[in-house]
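**Student:** Have a look at this one before I ask anything.
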Amino acid sequence: MSLRFGRPGVECYCQHESGAAVIQMQFLINEGALVSALADDSVHLWNLRQKRPAILHSLKFSRERITFCHLPFQSKFLYIGTERGNIHIVNVESFTLSGYVIMWNKAIELSSKAHPGPVVHISDNPMDEGKLVIGYESGILVMWDLKSKKADYRYTYDEAIHSVAWHHEGKQFICSHSDGTLTIWNVRGQGKPIQTITPHGKQPKDGKKPEPCKPILKVEYKTTRAGEPFMILSGGLSYDTVGRRPCLTVMHGKSTAVLEMDYPIVDFLTLCETPYPNDFQDPYAVVVLLEKDLVVIDLAQNGYPIFENPYPLTIHESPVTCCEYFADCPVDLIPALYSVGSRQKRQGYSKKEWPISGGNWGQGTQSYPEIIITGHADGTVKFWDASAIMLQVLYKLKTAKVFERSRSKEDKGSMESDEDPYALQILAWCPESRVLCMSGVSATVLIYRFSKLEVTTETVQLLEVRMQYDVNDMDSPEMGGGDQTPALATPGASPQTSGPPSHPSTSSNNSDGGNMPCLKVRSAPLKQSPGYQVDLVVQLVWVSGEPPQQITSLALNSSYGLVVFGNSNGLAVVDYVQRSVLLNLGTVELYGSNDPYQRQLRSPRKARQPSG
């Protein structure tokens with residue numbers, strides 16, 4: 001059980017010894033305690049006021065299965081509904097059964113002998129906590145008077161009940177059903193519901209019932225002082241929407257908005273300005289728990305945008321393809337990254353701050369700054385603060401902006417990989433100089449520098465390097481002297497002119513035109529926000545129709561302004577300050593055809609002196 005109940009960083013992790021699934025949780029509001037109900041029919045009271053949360057009391061049901069729990073606001077009693085249709089009342093302070101049991105056969109009509117099914121809902125009237133509405137799976141609802149120990153009213157509907165929500169005045173409530181309908185009931189009216197709504201049902205012209213839809217699993221009804229109430233529900237889509245993603249529906253006045261989610265909805269909760277159930281609630285946001293994410297929707301803004309999530313639930317938003325850890329970083333580094341990262345407002349998100357803001361951020365056990373950098377399949381780089389209890393996103397960098405967008409699969413080249421062409425494989429970073437270097441599956445090396453100012457780069461600097469060596473040529477008797485000059489590349493030079501054409505260790509046959517890069521560097525001006533800005537792109541080019549091999553190793557030395565990288569073909573050293581290749585050696589030149597430990601090292605300067 002992982003609990004997140006405050007501002008980013010305010011969280012804890014609690015584990016039940018039984019390992020059973022948690023089916024429901026209830027806070028003791030303003031008391032620093034929590035009640036959890038498990039699938040093994042046990043109920044636990046947690047103390048959250050101590051540094052490490054612990055269980056104070058536990059209660060185990062042996063003869064009945066727990067199906068629903070309800071803890072009214074500032075109440076001393078916990079109501080536990082069971083599969084048999086009974087409700088047991090627990091004293092929260094002593095965490096023992098009070099002895100008061102609402103039996104199913106006393107709650108429903110005495111003339112009815114059919115079992116109403118499990119208890120699926122319990123809630124108290126917002127204006128009178130002595131009155132409980134009890135919902136049974138079969139469609140029967142009962143208004144129970146706790147003092148007189150009898151049912152005041154009973155309500156019957158043909159379809160199974162999934163949830164119940166109250167109007168704040170306590171005179172009406174709304175139910176969601178298994179056929180995709182919502183029914184609104186007057187408390188004192190026992191006959192039929194005063195209104196039946198099918199939010200996603202097609203209305204027939206002949207006045208008949210709408211076609212049944214999928215079950216509405218939960219509904220919430222929230223009133224506002226200044227306008228129409230909100231009805232928020234999950235499920236209820238028509239059966240002909242096959243393949244449609246899970247949806248949350250927001251009904252406000254005459255408008256109905258259907259918000260698609262990436263994953264199935266587990267539960268949702270409406271956040272309101274007024275915490276008291278017997279007053280206008282004025283909802284401003286909806287927290288939606290998905291199977292693999294947490295989404296908060298802004299109800300006060302047109303279009304219902306979502307808040308940007310500060311929690312690290314989306315570390316695999318795009319699959320992580322590489323990762324590096326750095327400890328004892330300079331003290332000004334995390335604030336600098338956070339400063340530029342906090343300005344990165346993505347389009348389509350709410351303009352407001354994250355609405356869950358309770359508690360204080362707990363400090364980590366380490367006294368030194370820690371940073372984790374992750375590279376992703378879509379070319380994104382994320383910097384995470386790992387110094388505190390939880391990972392916190394500091395800054396995001398999108399490397400794909402450096403390249404032209406591929407319009408077709410043919411434009412991406414024919415790399416021997418089915419991976420995303422922007423996927424990153426190796427990261428190298430110098431925390432002191434803040435120079436960042438990375439390589440990806442498309443045989444490119446990107447060098448970034450950190451800047452606090454926004455710039456517009458008219459032309460992205462490109463350095464093409466050719467690393468293709470013919471092993472047969474190197475093994476020939478003519479090559480025995482070992483005085484070959486490595487192939488050199490100059491900034492902006494084409495592959496045909498990268499080094500002497502007659503050099504035996506490079507292929508000069510480009511008649512087939514197969515020297516297109518796997519990714520094409522952007523030709524239009526590039527607007528770069530404060531933070532990491534691209535300084536140089538090093539790209540391996542095709543030779544004789546053969547694609548370059550993926551880069552397998554990468555190292556950075558910012559003191560000398562050098563980047564060195566290698567693949568199965570060889571090794572290259574690049575001066576990213578001068579934007580030139582200093583050394584380009586083939587694997588066979590490094591090791592030769594014999595025992596690598598027997599070769600004599602030779603400096604390339606003997607063969608060719610570099611120009612001034």
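**Student:** Conditions first: (1) farther than 25 Å from Val331 by Cα; (2) at pLDDT 90 or above; (3) not basic (Lys, Arg). Glu404 passes all but one, so which condition is the exception?
**Tutor:** Exception for Glu404: condition (2).
**Student:** Taking interchain pairs and intrachain pairs at least six residues apart, which have beta carbon atoms under 9 angstrom, with the first residue in segment 413-441 and at pLDDT 90 or above and the second of a type in the set (Phe, Trp, Tyr) and assigned to a loop (DSSP other than H, G, I, E, B)?
**Tutor:** Taking only residues 6 or more apart or on different chains, the pairs are Val435/Tyr576; Cys437/Tyr576; Gly440/Tyr422; Val441/Tyr422.
**Student:** Take the residues of segment 282-294 that are within 26 Å of Ile373 (Cβ to Cβ) and surrounded by 14 or more Cβ atoms within 10 Å (Cβ to Cβ): which is modelled with the highest pLDDT?
**Tutor:** Here the residue is Leu294.
**Student:** Condition first: open to solvent by 30 Å² or more (accessible area, probe 1.4 Å) and farther than 29 Å from Leu462 by Cα. Now tell me which residues in segment 389-404 satisfy that.
**Tutor:** Selection gives Ile389, Leu391, Val393.
Residues checked against (1) closer than 25 Å to Gly358 by Cα; (2) assigned to a strand (DSSP E or B):
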| residue | (1), (2) |
| --- | --- |
| His44 | yes, yes |
| Arg52 | yes, no |
| Ile55 | yes, yes |
| Leu59 | no, yes |
| Pro72 | yes, no |
| Gly81 | no, yes |
| Ile89 | no, yes |
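**Student:** So Asp40 clears everything in (1) more than 25 Å from Pro277 (Cβ to Cβ); (2) in contact (Cβ under 8 Å) with a residue 24 or more places away in the chain except one condition, right? Which one?
**Tutor:** Going through (1) more than 25 Å from Pro277 (Cβ to Cβ); (2) in contact (Cβ under 8 Å) with a residue 24 or more places away in the chain one by one, Asp40 breaks only (2).
**Student:** Does Lys222 qualify as being surrounded by fewer than 17 Cβ atoms within 10 Å (Cβ to Cβ) and at pLDDT 90 or above?
**Tutor:** Here the answer is no, as Lys222 does not meet what is asked.
**Student:** Using beta carbons and a limit of 7 Å, which pairs, at least six apart or on different chains, have the first residue in segment 542-571 and charged (D, E, K, R) and the second one surrounded by fewer than 22 Cβ atoms within 10 Å (Cβ to Cβ)?
**Tutor:** Going by the 7 Å Cβ cut-off, the qualifying pairs are Glu546/Gln468.
**Student:** Next question. Hey, can you tell me all the residues within segment 16-27 that are within 11 Å of Trp46 (Cα to Cα) and either of a type in the set (D, E, K, R) or part of a loop (DSSP other than H, G, I, E, B) (or both)?
**Tutor:** Of everything in segment 16-27, just one residue is within 11 Å of Trp46 (Cα to Cα) and either of a type in the set (D, E, K, R) or part of a loop (DSSP other than H, G, I, E, B) (or both), namely His16.
**Student:** State which residue is surrounded by the most Cβ atoms within 10 Å (Cβ to Cβ) when the search covers only segment 232-256 and only residues that are closer than 22 Å to Thr183 by Cβ and of a type in the set (Gly, Ala, Ser).
**Tutor:** For segment 232-256, the residue satisfying everything is Gly236.
**Student:** Spot the failing condition for Asp267; the list is (1) of a type outside the set (Lys, Arg); (2) modelled with pLDDT of 90 or more; (3) crowded, with 18+ Cβ neighbours inside 10 Å, and only one is missed.
**Tutor:** The number of the failed condition is (3).
**Student:** Those residues that are charged (D, E, K, R) and surrounded by fewer than 15 Cβ atoms within 10 Å (Cβ to Cβ), I need them from segment 270-281; list them, please.
**Tutor:** Passing the criteria: only Glu273.
**Student:** Can you tell me how many residues in segment 142-186 are in contact with a Gly (Cβ under 7 Å, 6 or more places away or on another chain), of a type in the set (A, V, I, L, M) and within 22 Å of Lys222 (Cα to Cα)?
**Tutor:** Within segment 142-186, residues that are in contact with a Gly (Cβ under 7 Å, 6 or more places away or on another chain), of a type in the set (A, V, I, L, M) and within 22 Å of Lys222 (Cα to Cα) number 2.
**Student:** Quick check on my filter: what residues within segment 27-47 are touching a Ser or Thr at 6+ places or on another chain (Cβ under 8 Å) and open to solvent by 30 Å² or more (accessible area, probe 1.4 Å)?
**Tutor:** If the condition is that a residue be touching a Ser or Thr at 6+ places or on another chain (Cβ under 8 Å) and open to solvent by 30 Å² or more (accessible area, probe 1.4 Å), then Asp40 is the only one that fits.
**Student:** Are any residues in segment 7-37 among the β-branched types (Val, Ile, Thr) and without any contact (Cβ under 8 Å) to a residue 40 or more places away in the chain, and if so, which ones?
**Tutor:** Of the residues in segment 7-37, the ones among the β-branched types (Val, Ile, Thr) are 10, 22-23, 29, 35.
The one that is among the β-branched types (Val, Ile, Thr) and without any contact (Cβ under 8 Å) to a residue 40 or more places away in the chain: Val22.
The values are calculated or read from the model by the stated rules, or taken from the named source; none is laboratory data. All values derive from a computational prediction rather than experimental measurement. Heads up, the Cβs are rebuilt from the backbone with ideal geometry, glycines too, and the neighbour counts pull from every protein chain shown. Areas reflect the complete protein model, heavy atoms only, side chains present, ligands, DNA and RNA absent. Shrake-Rupley method; radii C 1.70, N 1.55, O 1.52, S 1.80 Å.
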